[in-house]
Amino acid sequence: MELPAINLKAIIFVHWLLTIFACIFPGWLPDAYYLSNFLVLAVGVWAVAQRDSVDAIFMFMVGLVVTIVLDILILALFYAHAEQASETLPQRDLFRFSGGMAILSLILKPLSCFFIYHMYLERGGECSLSLGFVTVSRDRSTYQTIDHTDTPAEQDKLPSRY
């Protein structure tokens, strides 16, 4: 099954928009939420600018994984208190919208990581994972290059040793 063509710019734009909407209600999210999400989006802009860079797309993917963990912690620690505090305010619907956008952003991040991982592989990134006795890697040492064509006679010749 072929993956749909998802543009990296679209992923960054969606997460930027959801982060902006999550920050609409002032004061309920700590500065760590703003800092982590906007810095990861800045790395994503770098990945867009450097189309051939494996490092940029890998750092963006790792940054998204880190923000998944941070968002879970931040929402678990701050949402309940902020919800109680906003019940008496006239902007409680704005808080619900803001919280919903933060949750939606958190839900979409694993899907974005999946698409970014495939972009990483398309850019030539290596898939290697070693967990003690289990090793998963893409070994390409047995593949023949197709950059140059040698005649069969040249392939059979061995270099002379003196």
Tell me, yes or no, whether segment 46-56 has at least one residue that is farther than 21 Å from I12 by Cβ and either crowded, with 18+ Cβ neighbours inside 10 Å or β-branched (V, I, T) (or both).
-> no
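Would you check which residues across segment 6-39 are in a loop (DSSP other than H, G, I, E, B) and more than 19 Å from R96 (Cα to Cα) and list them?
If the condition is that a residue be in a loop (DSSP other than H, G, I, E, B) and more than 19 Å from R96 (Cα to Cα), then I6, N7 are the ones that fit.
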Counted residues, segment 94-113 - those being without any contact (Cβ under 8 Å) to a residue 40 or more places away in the chain, open to solvent by less than 40 Å² (accessible area, probe 1.4 Å) and more than 20 Å from F60 (Cβ to Cβ) | 1
Looking at segment 68-118, which of its residues are among the β-branched types (V, I, T) and either modelled with pLDDT of 95 or more or in a helix (DSSP H, G or I) (or both)?
-> I68, V69, I72, I74, I103, I107, I116
Exactly one of Q91, Q84 is open to solvent by 70 Å² or more (accessible area, probe 1.4 Å), in contact (Cβ under 8 Å) with a residue 60 or more places away in the chain, farther than 27 Å from K9 by Cβ and of a type outside the set (G, A, S), and that residue is Q91
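The values are calculated or read from the model by the stated rules, or taken from the named source; none is laboratory data. In this text the structure is predicted, and so the values were computed from the model without any measurement. Methodologically, a virtual Cβ is constructed for each residue, glycine included, from the backbone with ideal geometry; neighbour enumeration extends over all protein chains shown. Note: accessible area is taken over every heavy atom of the protein model, side chains too, but ligands, DNA and RNA are not part of it. Shrake-Rupley method; radii C 1.70, N 1.55, O 1.52, S 1.80 Å.
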